[in-house]
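What follows is a short report on a single structure.
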Amino acid sequence: MLIKSASVATVLALVFSAGVVSANEGGHAAGWQRQADNEIANLPSLQRGARNFMAYCSGCHSLKFVRYARICEDLKIAPNQCEALLVRPGDKPIDYIKSSMPAADATEWFGKPPPDLSLVARSRGTDWVFNFLTTFYADPANQKTGVNNLQLPGTAMPHVLSSLQGVQNAVWRNVEQKAEGGQAIVAREFEKFEPGVTGSITSAQYDDFVRDTVNFLQYAGDPTQLQREGIGLWVILFLLLFSGIAYLLKKEYWKDVR
Amino acid sequence: MSAVIEGKGGFRAWLNKRLPVDQFIADQLTGYYAPKNFNIWYFFGSLALLVFVMQIVTGIFVTMHFKPGETTAWNSVQYMVREVPYMWLIQPMHAVGASFFFIVVYLHMARALMYGSYKAPRELLWVIGMLIYLALMAEAFMGYVLPNGNMSYWGAQVIINLFGTIPGIGPGLVEWIRGDYGIGDATLTRFFSLHVVALPFIIALLVALHLVALRQVGSSNPDGIEIKAKLGPDGKPLDGIPFHPYYTLKDIVGVGLFLTLFAIVVFFMPTFFGLFMEAPNFEPANPVSTPEHIAPVWYFTPYYAILRAVPDQKMGALLMAISVAAFLFLPWLDRAQNKSIRYRGLVSKLLLGMFFITFLVLMWLGLKPAEGLYVMLARIFTALYFAFFILLPFVSKADGNGPVPERVTYHAH
């Protein structure tokens, strides 16, 4: 029985580990990529993130599946503060958070409308968003925005947060690679960032700012997560207790089986 | 068993005169004798039934709030999980339930392979089970397409286009399945109808047949010997025990442990590292934006790996179809006298072990991009996959005939 249980466990472990390995390989992790390290249970961080989003992101990006009132309820923001700090003038707390920019204008300015961010933390991942918001760098070759991005090269988005972060410069090194024909070609590889135009806050403060915002986006992508995990713990405890009692009952009946 | 009914008055007697309730319970549960030596592998049949019922019940609620269609499907899923009370729990239960259905079904099938449960007189039981598996694959695929996420869309492109490789009728067939020149509104509404009405009915019917066939031939057991061959003075199998209360109670323990694992995933890791719910499916379907690499959900990937292992698409599709259908012929490919792997030789054991590993490796390869080393590995393991079915008739005939015990091995605990 024990050996058989072990073999089932091995099969399950194999099935699951196959997925874990593949899940980790979204792309090749480059040296500059960092983890968001946001804490979804950190309420003050989520509140700051909500404020950041409304102040810096909501001009262009919508959260079309999220209502102001829901945020204030989940993040324990008092109703008067909710109206004063989050709800955009002209909107009601019950409204969904729509972008204030007309889509036609956006397409004219950026080439495409800025995406809705309700689920960006789930489709791209929190680390991706964190790296996207921290790796803008000056790129004179881009005549439209003057910047480029390591996480999403060629992004249409301007560096909206440059007043906070400033604009950093990227330092590149040349690496020789073998092309398919065998001849050596020189490719450019990212080495490090150097301070360029300084912003209004330090780089550590900026990381915290982005971390809070990413945290809020994770909440927005899965608003019931905290509630779910709270209930889940009790469900699992109940099921374990149930299994234990069921096992004792089974054992009692099976005494007769010789 | 009319004795059960006699001597009882009141409502129960009234009821039993009109509906054979007691008779049914006696025939199916208290009077149905199952071998006493079932091990952990015998939990997965009842668990598969549990998951099926769970999928029906959660599906009823999801259907209340889901709006099939190109423009409505995605938004209605987001709306239900965010704004309809408790749908944040029920919708993920339904989505994660699909993966658990396949985990349970694969373990149930692995059990049959280990203990030769498909061998005479249980060939039809196995074939019906395989038909359930095929219907389940269709059901799961359509359910996966319905929310119209980006991976739903592109996965559906790949899978539906496979039908286009059938000579002659292929292109027309693809159009007929989609109801359009591309995957669109017509595809989603017909998939909804099939997913919610047609296939659940078919699966329920097949499950009923599976159970009727099981009652007819009786369960096999880890020793693979027939308990009906050794009857006691009362005419009951010496090594059999009534299904109720013994196995109903034992199965409830399995249910408790299974639901615990299920709850851990649903409450704490519903996407299961992007395996049960894939990241690109958190973006709506976008015909101009292909996900980085398209892979079906994990339970289809062994066959997907076989499809991609072949350079020629038509041949790949054919080989994939054969790889699924091959299971149907196991009762006749296996020519051993003994059923259980316990009483077969080392070569049989190695062959089966190799097949299990091959299936898991192909599952893993199907999730990988088809490039470099992965393609080479997929080819090697595709060959090993088919080697199992080709070698089985010879290996089983040669070393599946050793002595078997008179009675089942059972240690009281």
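Do the conditions hold for B:Leu391, that is, is it at pLDDT 95 or above and more than 28 Å from B:Ala120 (Cβ to Cβ)? Taking the combined requirement at face value, the residue does not satisfy it. Within the stretch B:360-389, the only residue that satisfies the criterion of being within 14 Å of another protein chain (Cβ to nearest Cβ), assigned to a helix (DSSP H, G or I) and surrounded by fewer than 16 Cβ atoms within 10 Å (Cβ to Cβ) is B:Leu373. Checking each residue in the stretch B:238-264 for being within 27 Å of B:Pro296 (Cβ to Cβ), more than 7 Å from chain A (Cβ to nearest Cβ) and surrounded by fewer than 18 Cβ atoms within 10 Å (Cβ to Cβ) picks out only B:Leu261. Highlighted here are the helices (runs of 4 or more DSSP H) found entirely within the stretch B:1-113 that include at least 2 residues which are touching a Phe, Trp or Tyr at 6+ places or on another chain (Cβ under 9 Å): B:44-65, B:73-83. So A:Thr224 ticks every box in (1) away from chain B (no Cβ under 14 Å); (2) under 20 Å from the mean Cα position of the chain (by Cα) but one. Which box is left unticked? Condition (1) is where A:Thr224 drops out. Taking the stated definitions as given, is A:Asp127 under 25 Å from B:Trp74 (Cβ atoms), surrounded by fewer than 20 Cβ atoms within 10 Å (Cβ to Cβ) and touching a residue at least 60 places away in the same chain (Cβ under 8 Å)? Yes: the conditions hold for A:Asp127.
In the stretch A:84-105, the qualifying residues are those that are at pLDDT 90 or above and surrounded by 15 or more Cβ atoms within 10 Å (Cβ to Cβ), and the one that is farthest from the chain's Cα centre (by Cα) is A:Asp91. Of B:Phe273, B:Phe300, all but one fail to be closer than 26 Å to A:Leu239 by Cα and either touching a helix residue (DSSP H, G or I) at 6+ places or on another chain (Cβ under 8 Å) or facing chain A (nearest Cβ under 7 Å) (or both); the exception is B:Phe273.
Scanning the stretch B:319-351 for residues that are hydroxyl-bearing (Ser, Thr, Tyr) and more than 25 Å from the chain's Cα centre (by Cα) turns up just one, B:Tyr343.
Evaluation of A:Lys178 against the conditions (1) over 30 Å from A:Leu161 (Cβ atoms); (2) facing chain B (nearest Cβ under 9 Å) shows that the sole unmet condition is (2).
The values are calculated or read from the model by the stated rules, or taken from the named source; none is laboratory data. None of these values were measured; they are calculated from a predicted model. A quick note on method: Cβ atoms are made from the backbone with ideal geometry, for glycine too, and the neighbour counts reach across all protein chains shown.
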